[in-house]
1. Can you figure out the FRET efficiency of B:PHE105 with A:LYS123, using R₀ = 60 Å and their beta-carbon distance, to the nearest 0.05?
2. May I ask for the Rg/Rh ratio of the protein assembly as shown, computed from Cα atoms with Rh as the Kirkwood radius, given to two decimals?
3. What is the distance in Å between the Cα centroid of region B:28-46 and that of region A:332-356?
4. For A:VAL81, list long-range residues whose amide hydrogen, built 1.01 Å from N in the peptide plane, is under 5 Å from its own amide hydrogen.
5. What average number of partner chain Cβ atoms lie no more than 10 Å from the Cβ of the residues making up A:47-54?
6. If Lys and Arg each add +1 and Asp and Glu each add -1, what is the summed charge of the other residues whose beta carbon sits under 11 Å from the beta carbon of A:ALA186?
7. As a test of the formula, what do you get for chain A when each DSSP H run with n ≥ 4 contributes -39,500 (n - 2.57) and the sum is divided by the residue count, at 222 nm and rounded to the nearest 500 deg cm²/dmol?
8. Looking at region A:164-258, what % of the alpha carbon pairs are farther apart than 16 Å?
Amino acid sequence: MADLKLENLSKRFSRKVWGVKKMDLSVKDKEFLVLLGPSGCGKTTTLRLIAGLEEATTGNILIDGVDITDTPPRKRDISMVFQSYAVWPHMTVYDNIAFALRFKHLSKAEIDSIVTETADMVKIDNLVKRYPDQLSGGQRQRVALARALAVKPKIFLMDEPLSNLDAKLRVVMRTELRAIHQQTKATTVFVTHDQSEAMSMADRIVIMKDGVIVQIGSPDDVYFKSTNVFVAGFIGMPPTNFFTVEIIHEGTDIVLKHPFFELKLDNERKSMLYDYSKRSLTFGIRPEDITITSEKNNLLKERALVVEPQGSLQIIALKIDDKIVKLVSAREHTVFPGDMLFLTFKQNKLHFFDIDTGERIGDL
Amino acid sequence: MDSLTHSRSIWKKAAPYLLIAPTIVWYGFFWARPVIQAFYGGFFDLNGHFTLDNYKFVFNDPYFLQAIFNTFFIAIVSVAVEFVLAFGLSLLINIRFKGAGVFLFIATIPMALPFVAIAAMWKAGLATYGWLNSFLYHVGLIAKNGKIVFMSGNKWPSIFVIIIIDAWGVIPSMMIILVAGMQNLNEELKEAGYIFGGTRLTVLRKITIPLLKSTITTALILRIISAIQIWAIITLMFGYLRLPTLVSQLVFYSDQRAPADPVYYQRALAYSVIVAIIISSIVILYLKVSGSFRKEENG
Ligand SMILES: Nc1ncnc2c1ncn2[C@@H]1O[C@H](COP(=O)(O)OP(=O)(O)O)[C@@H](O)[C@H]1O
Ligand SMILES: [Mg+2]
């Protein structure tokens, strides 16, 4: 059981390339923390720094308050599941799992019981005598998992462990990994570029971009209170729709003016935009917060362009001011391409962002 | 329908044999024929009568036992030295330090030199007033009158001179095979070793070397085969008969003696058959011991 702290951690690969830049992060004991971000944002680098496979350019790494920045990997009390699994092909499953245990002055019987127990936990107990090339991808991944679990590390690191699995198995493994975490309670840093994986697994999500942390928060935080345009656009599927609008004062009213619609704000919204009068801003609305309404209440009307049925839901794409806008609605009335839709936005679900910096305006 | 699937499966089975047929013809003509001829020739005298005299000559050749000893001593020691050094250098290059590429390039220069050039170079270096002695003198390892006579022609100094020159010329090619093998390894396999408790040495022993097994086998077999056939560099350095090896005797008899007395040609054939048998047995033995015949483990 342990906590992990990164202080001002940087990794510079060359004059221009920073893997990670001035990162501050603290992971709580027993926490399942997910590092999320697009490819190349520094997730793997962060994990490799924590593991000791990469030397930090600046900053410190602390486990339980002890500085381990210059400690070799084997003495860090961490374990890792690699994206390529990195299961050793010349060893049986048993030997893969037992490898680390053999350095720990345990008796043969103790090693045997730990291997059996972890193989059991990840459901490969019937495969321990095989070599990795006699296993499927999913089974190999379980071997990598068992090998990492067997050492009962303080910190458990996982680099996109599910990205090489097929879609169905991936969803099964999410649940299984969470269940294993419930059982082991090992402090975990889990890396993924898949926002839905992050949303469904994380206690907290750390969103990274270009080697820098953009937002840290619970899945709800990052979804409902996205800190900037990047996060709002990255989290959620389909992502947030953005519009550039002008703020117009009409008497005591404030109106968001767009070439295709004019949205009169309620009082709460008005107070949030107090400092922004007579300027442009970006506002965002999530697909499920655009509702289909009757002709007389409509804010704007547009024909449906593409409709993707998703069981009880449908994703409808339409074009507003030459930009694709997507909305999600229940299948009460199935919509067909070409149908005229009358739409409105849920006022309390509007997100405002500074047009220049992309930062969120007002916190809800 | 039935006959159709039947004929199709015959074609399927025959296809690989048809594909390798040209190679087999080629080998039959250019490889097997001379080999069989040599084998056959060793058992006949000049008049075409069957005889064991050629083999008797070989086994009674006063140089034969020396040749066997020299050949094996040089082969074993030089391959061992070459492997250890080449492996060490490959590990070094594989760290990918700055300038590793340049180092690899410089290290491979000996590969581009013909034996004659290598011999000339080392002869100049090893002469009593050569660059090696003057280097040793300048760094203070020997006194002005303490020059080492490398080329004295005494047995042990000669053997070691040959081993050093051979290693110098051969390490690069071994290194290239090993570096290629190492660069093919997934780096994460080693990194997992470090994370799961391994030191540099344990990772090398339990992960890197076992994973490089087939590369190492290849490098060693190629080396052993050519080490057993060592002769050119010896002859260029010391001439014939001063440090006889199996192949240098073979060349000596067929090249130096046969023109005057053709029976030496038949005797050289007997020598070559013996060399061929020794090399093949060693290769087979080595493959067996190294486990290359076992299929499963190489996964
Ligand atoms: N060994 C390396 N040498 C140079 N640049 C690297 C190296 N590893 C990663 N990078 C760079 O660092 C950045 C972050 O990479 P990485 O941490 O692998 O991203 P992610 O795992 O989020 O996809 C990328 O721009 C990548 O090109
Ligand atoms: Mg990565």
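The values are calculated or read from the model by the stated rules, or taken from the named source; none is laboratory data. Predicted model, so just to flag it, every value in this text is computed and none were measured. Reconstructed Cβ throughout: ideal geometry from the backbone, glycine too, with neighbour counts over all protein chains shown. Side chains included, ligands, DNA and RNA excluded: accessible areas come from the protein's heavy atoms. Shrake-Rupley method; radii C 1.70, N 1.55, O 1.52, S 1.80 Å.
1. Computed FRET efficiency for B:PHE105 and A:LYS123 comes out at 0.70.
2. On the way: Rg = 37.3 Å, Rh = 32.2 Å.
In the protein assembly as shown, Rg relative to Rh is 1.16.
3. Answer, in whole Å: 89.
4. HN-HN under 5 Å from A:VAL81: A:LEU157, A:MET158, A:ASP159.
5. Working: counts 0, 1, 0, 0, 4, 3, 7, 1.
If you average over the peptide's residues, the count of other-chain Cβ atoms is 2.
6. On the way: positive: A:LYS30, A:LYS152, A:LYS154, A:LYS185; negative: A:ASP29, A:GLU31, A:ASP77.
Here the count lands on +1.
7. Working: 9 runs with 86 residues, N = 364.
Dividing the helical sum by the residues of chain A leaves -7000 deg cm²/dmol.
8. Details: 2897 of 4465 pairs.
When all Cα pairs of region A:164-258 are counted, 65 percent exceed 16 Å.
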